[in-house]
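Q: Have a look at this one before I ask anything.
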Amino acid sequence: MYRFPDHNLTLVVVNQLLETGSFVAELEQLKSIPAIRARLDGESNYGETIPEMDAFFRKVELTDEDLAQVTELWFDGGDDIYHLIRPFWSGADDDFDVQSVDGFEKLPNLKTVYHNAMVSEAEVDRFRVAGIEIE
């Protein structure tokens, strides 16, 4: 089991895994809780972090199989995962910015990084030096 040193990098990785169906059953169970559903829909605590969702993602430990599924990473504030944690996040702050990509070498099949925001050029250069395509 693995956790990236920078939790925000874990979020980027898990966002990609959500597209493959990983963690979906657990998330659907959380989303079915009425109090969480109300926060996701903006009916209560508009704009605030949903503690249960934040805790769920902080506990995620990735298996070698999970890590091997990741072929691309997207650094984009519009990604779904951020809106599961803070449904009405505007992207105006740096709360989800990745400070370090340490551990990206654990992604054996990573081929492409899409870089729109949320990570510095210096960190993106680390991917480039490793031969990963940057879009």
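The values are calculated or read from the model by the stated rules, or taken from the named source; none is laboratory data. As the structure is a computational prediction, the values presented were derived from the model and not from experiment. Cβ: placed from backbone, ideal geometry, glycine included. Neighbour counts: every protein chain shown.
Q: Inspect all residues belonging to the range 109-122 and state whether any of them is within 16 Å of the chain's Cα centre (by Cα) and closer than 17 Å to TYR2 by Cα.
A: Yes, the range 109-122 has at least one match.
Q: Same structure again: Out of the residues in the range 1-36 that are without any contact (Cβ under 8 Å) to a residue 60 or more places away in the chain and among the β-branched types (Val, Ile, Thr), which is nearest to THR63 (Cα to Cα)?
A: The qualifying residue nearest to THR63 (Cα to Cα) is THR10.
Q: Quick one: count up the residues across the range 39-54 that are surrounded by 13 or more Cβ atoms within 10 Å (Cβ to Cβ) and either in contact (Cβ under 8 Å) with a residue 60 or more places away in the chain or in a helix (DSSP H, G or I) (or both).
A: Summing the residues that are surrounded by 13 or more Cβ atoms within 10 Å (Cβ to Cβ) and either in contact (Cβ under 8 Å) with a residue 60 or more places away in the chain or in a helix (DSSP H, G or I) (or both) in the range 39-54 gives 5.
Q: Would you pick out the residues in the range 1-25 that are outside any loop (DSSP other than H, G, I, E, B) and of a type in the set (S, T, N, Q)?
A: Of everything in the range 1-25, those that are outside any loop (DSSP other than H, G, I, E, B) and of a type in the set (S, T, N, Q) turn out to be ASN8, THR10, ASN15, GLN16, THR20.
Q: How many residues are surrounded by fewer than 20 Cβ atoms within 10 Å (Cβ to Cβ) and either modelled with pLDDT under 95 or in contact with a strand residue (DSSP E or B) (Cβ under 7 Å, 6 or more places away or on another chain) (or both) if we restrict to the range 98-114?
A: Summing the residues that are surrounded by fewer than 20 Cβ atoms within 10 Å (Cβ to Cβ) and either modelled with pLDDT under 95 or in contact with a strand residue (DSSP E or B) (Cβ under 7 Å, 6 or more places away or on another chain) (or both) in the range 98-114 gives 4.
Q: Let me ask something else. For the range 92-114, give me the residue count where each residue is part of a loop (DSSP other than H, G, I, E, B) and farther than 18 Å from ASP66 by Cβ.
A: Residues that pass the stated criteria total 8.
Q: For the range 58-74, name all the residues that are touching a Phe, Trp or Tyr at 6+ places or on another chain (Cβ under 9 Å) and modelled with pLDDT of 95 or more. Steps first, please.
A: Kept after step one, since they are touching a Phe, Trp or Tyr at 6+ places or on another chain (Cβ under 9 Å), are these residues of the range 58-74: 60-64, 66-67, 72-74.
The answer is LEU62, THR63, ASP64, ASP66, LEU67, GLU72, LEU73, TRP74.
Q: Give the number of residues within the range 25-55 that are at pLDDT below 90 and under 18 Å from the mean Cα position of the chain (by Cα).
A: We begin by selecting, within the range 25-55, every residue at pLDDT below 90; these are 41-48.
Remaining after also requiring under 18 Å from the mean Cα position of the chain (by Cα): 48.
Qualifying residue count, the range 25-55: 1.
Q: Let me ask another. If HIS7 satisfies every condition in (1) farther than 18 Å from MET118 by Cα; (2) surrounded by fewer than 18 Cβ atoms within 10 Å (Cβ to Cβ); (3) touching a helix residue (DSSP H, G or I) at 6+ places or on another chain (Cβ under 8 Å) but one, which is the exception?
A: (1)
Q: For the range 79-92, check the following and say yes or no: at least one residue is within 18 Å of ALA130 (Cβ to Cβ) and modelled with pLDDT of 95 or more. Can you show your working first?
A: Taking the range 79-92 as the starting set, the residues that turn out to be within 18 Å of ALA130 (Cβ to Cβ) are none.
No, every residue in the range 79-92 fails to be within 18 Å of ALA130 (Cβ to Cβ) and modelled with pLDDT of 95 or more.
Q: Moving to a separate point now. Can you tell me which residue is surrounded by the fewest Cβ atoms within 10 Å (Cβ to Cβ) among those in the range 115-130 that are more than 22 Å from GLU65 (Cα to Cα) and not aliphatic (A, V, I, L, M)?
A: GLU121
Q: Right, next: It is to be established whether one or more residues within the range 74-89 are loosely packed, with under 12 Cβ neighbours inside 10 Å and assigned to a helix (DSSP H, G or I). Don't jump to the end; show me each part of the working.
A: Of the residues in the range 74-89, the ones loosely packed, with under 12 Cβ neighbours inside 10 Å are 78, 80.
Still in the list and also assigned to a helix (DSSP H, G or I): 80.
Yes, that holds for at least one residue.
Q: Residues in the range 14-38 that are farther than 30 Å from MET1 by Cα and surrounded by 11 or more Cβ atoms within 10 Å (Cβ to Cβ): how many?
A: Residues flagged as farther than 30 Å from MET1 by Cα and surrounded by 11 or more Cβ atoms within 10 Å (Cβ to Cβ) within the range 14-38 amount to 2.
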